[in-house]
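Everything below concerns the one structure shown next.
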Amino acid sequence: MATRPKILLLDDEQDLVESYATLLENIPSHPEVFTCMAGPRALALLKSESFDLFITDLRLPGIDGLQMLSVVRRKYPRMRTVVLTGLSDEQFRMRAYAMGADLFWLKPDTRDGMQAFQDCVESLLQHTPLSGFRGVQNKSLVDIIQLECLSQNSSVLHIVREGQVADIWMANGNVIDAQFSGLSGESAFREIMTWKSGNFELLPPDTEHPRVIESSYQGLLLDSAQAMDEGRGTQFSMEPLAVEPSPLSLLAETDGVEFLLSLDSARKMESWGLENAEAVAQWIAGLDKSFRELGERLEVGDTQQLQGIGPKCRIALVGREQSLLCVGLNPSINIEQAAGTVKQIASRWLC
């Protein structure tokens, strides 16, 4: 008997978690659906089980959906990933695809929308990560353009293949221009559509770019299909352009870490896993100032490391010249484990 695929669904709304779990359990492959309502719990499940697909909301307490996506893509690169959100935001959509998400989907509220979502999830479960056009539903370049146009999106599809670069401009669901190797407009579009491999990236829309192509996207795709060779039906094998992870996202992979926040000498802040980062930044800046003043009065020098225990987490503060790193740890770990974890993080951060 074939093994049922496993899906992990992360959303902080109980009713939605239950309804989507039922929705997903009824797709043809009948997957096992595991649910959770917080990022740390999702990370624990990912460590204990082998999942085929991870689905996450964007707005979550503590670790948000994009931060979860970053961790999952680094730790489990072969796992398919879906952002399922009620937040219709072009920048979030671009960021999710740039980080390697296979699908960015607005939470469906109609029967047809739910069926389409089920079909897309089933398609992801049926395809291996090494095939197809990664980044959007594991489909061909034709499917990518159709999806963007049907969704009335505006974006620039940037494609690189063996040193060759091509761009396709889309505005409000229309293909308005294409450029490749001195070609532009429809001739460039037809040439690009013959590509079978490469890397792609969905960039923010270029609102100033003039419309060069007047034909409908359906007509363009039909003309391109007629001009393609015998292998035009094969799927593209493209990977999203790599996104350099932030230093904090790398430190966050350490077991037991629930949040991180750094402040440099100019009080420039970077955070991971925090919703109220500004408030925490002000708190640790004030705490650091108080201990610096105490150190001066006692003539013992600057504070190098502090640790405290709160009702929800352990907190450690590490100093480096004029920079600070605040580490939030799971309260379930003991003092020795906390000390070892902070030491490990501090050594990597200080390098």
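The values are calculated or read from the model by the stated rules, or taken from the named source; none is laboratory data. Because the structure is a prediction, the values reported are computed rather than measured. Methodologically, a virtual Cβ is constructed for each residue, glycine included, from the backbone with ideal geometry; neighbour enumeration extends over all protein chains shown.
Annotations for the structure displayed:
- Residue within region 298-312 that is assigned to a helix (DSSP H, G or I), outside the structural domain of Ile144 (by TED's automatic domain parsing) and either at pLDDT 80 or above or over 22 Å from Val72 (Cβ atoms) (or both) present: yes
- Set Arg59, Arg73, Arg41, Arg78: member being more than 25 Å from Gly328 (Cα to Cα) and of a type outside the set (Asp, Glu): Arg78
- In region 169-189, the residues that are outside the structural domain of His209 (by TED's automatic domain parsing) form no Cβ pair under 9 Å with any partner that is at pLDDT below 95 and surrounded by 21 or more Cβ atoms within 10 Å (Cβ to Cβ), whether six or more places apart or across chains.
- Picking from residues in region 154-177 that are charged (D, E, K, R) and part of a strand (DSSP E or B), the one that is modelled with the highest pLDDT is Asp177.
- Identity of the residue in region 178-207, at pLDDT 80 or above and at positive phi, that ends up surrounded by the most Cβ atoms within 10 Å (Cβ to Cβ): Gly185
- Of the residues making up region 62-113, those that are more than 24 Å from Lys6 (Cα to Cα) and either modelled with pLDDT of 85 or more or within 13 Å of the chain's Cα centre (by Cα) (or both) are Gln91, Phe92, Arg93, Met94, Arg95, Ala98.
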